[in-house]
Amino acid sequence: MSGQQLVTILDGGMGRELKRRGAPFRQPEWSALAMMEAPEVVGEVHRSFIQNGAQVITTNSYALVPFHIGQECFDSQAEVLADRAGKVARDAVIAEGKQTLVAGSIPPLFGSYRADLYQPENAEKIASPLIKGLDAHIDIWLAETQSLIAESSTIYQQVRALGTGNKPFWVSFTLDDSEKTEVPKLRSGETVKQAVEAMAALNVNAILFNCSQPEIMEDALIVARTTLESLDAEGIQLGVYANAFPPTTKDATANDGLDELRDDLNLTVYAEIADKWHKQGASLIGGCCGIGPEHINELSKHFSDYLRP
């Protein structure tokens, strides 16, 4: 994996951009509320990311889980809302007339950052309607902000069982950024090396890291790259889309509210950090919470010599 490889630009965070544009936005529904009440604003955000250089946009299905919309709403509307999320993303691509790909977001099924909330007995019945609703509209599956290897594996198995066309499967892990560690770890405490080995065994198409501080991603990429090389699995792409949060403590509650954003992470700084990711083998680069269209525009310009056609 060379630092001179081509780069695919991903989009940025959806939730804060919805709030900034005046879309309905509150707890516990989070970004799902706009999917219910103002899908046109979701489309506007997708189009803004495309206009600013995103080559892959991600469906607004992250909060379409019982944790956010409640069990009753989930049981009656999850598949319909997932279908709507996929269609809105696809319509945005069509409206912009570009070759942008659509990634179908399969979120943490029981709350972000909290591996301890995982319920293996309920995972499949939460993932299934999301997969069924998104499937017709997307190009790539993206299991994102994964804290636990077991959950990622279950989602992969469900996608392969229910999805059509054997679409590429990307998995993105969130890292423990509460303190500096010698060995990069997921928020579950499992190591990045263990996660990469498990995903390589499943033959996923890409392994990414997201929704953690930008500065800690480089060490995780080094471990991921060297692990894949040792497994002779260099066909698996690597990627990063970091957030703009301060470190998240280990006892943080899942999706408890809008975290404060760092004021030192301007467009130039984020692009310079992303350059380090590229040098360590990342070919999929974008942003997560707090990273807006303006950051994606800067990334697109920064990597203009390396952009994948």
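Values quoted throughout were computed directly from the atomic coordinates according to the rules given, and no laboratory measurement underlies them. Note that the structure is predicted; figures quoted are calculated from it, not measured. Cβ sites come from the backbone with ideal geometry, for glycine too, and all protein chains shown count toward neighbours.
Its DSSP H runs of at least 4 residues, each contributing -39,500 (n - 2.57), put the calculated 222 nm mean residue ellipticity of the chain at -13500 deg cm²/dmol, to the nearest 500. Within the listed set LEU186, LEU284, LEU267, the residue fluctuating most in the Gaussian network model of the chain (springs between alpha-carbon atoms under 10 angstrom) is LEU267.
Springs join every pair of Cα atoms under 10 Å in this Gaussian network model of the chain, and among THR174, THR59, THR191 the largest mean-square fluctuation is at THR191. Over the C-alpha trace of the chain, radius of gyration and Dmax come out as 17.5, 49 angstrom. Computed from the C-beta positions of CYS73 and GLN4, the FRET efficiency with R₀ = 41 Å rounds to 0.30. In plain terms, the chain from TYR306 to GLN194 could stretch by 37.3 nm, reckoned as 0.36 nm per residue minus the Cα-Cα distance. On the basis of the beta-carbon distance and an R0 of 35 Å, ASP264 and GLU229 show a calculated FRET efficiency of 0.55. Only Cα pairs under 8 Å and 6+ residues apart enter the sum, and on that basis the relative contact order of the chain stands at 23 percent. Projected label points at ALA161 and GLU179, each 7 Å from Cα along the beta carbon direction, are separated by 3.9 nanometres.
Charged neighbours of ALA195, selected by a Cβ distance under 13 Å, balance to -1 (K, R count +1; D, E count -1). Within the chain, the selection of entire DSSP H helices by a Cα span of 27 Å or greater along the long axis and an average Kyte-Doolittle value of at least -1.0 returns 71-96. Within the chain, DSSP assigns beta bridges of which about 5% are antiparallel (rounded to the nearest 5). Both radii were evaluated on the Cα set of segment 148-215; the Rg over Rh quotient, with Rh as the Kirkwood radius, amounts to 1.01.
Size descriptor for segment 92-237, Kirkwood hydrodynamic radius: 15.7 Å (Cα pairs only, one decimal).
Using C-alpha pairs below 8 Å separated by at least 6 residues, the relative contact order for segment 96-252 is 21 percent.
Nearest 0.05, what FRET efficiency do ALA201 and LYS125 give at R0 = 25 Å with Cβ-Cβ as r? Calculated transfer efficiency: 0.50. Electrostatic bookkeeping for GLU215 treats Lys and Arg as +1 and Asp and Glu as -1; over the other residues with beta carbon under 10 Å from its beta carbon, the sum is -1. Go ahead and set up a Gaussian network model of the chain, Cα springs under 10 Å, then flag whichever of VAL240, VAL269, VAL41 fluctuates most. Looking only at VAL240, VAL269, VAL41, the biggest GNM fluctuation is shown by VAL269. For LYS185, the lysines whose Cα falls under 30 Å of its own Cα, not counting residues fewer than eight places away in the same chain, are LYS125, LYS167, LYS193, LYS250, LYS276, LYS279.
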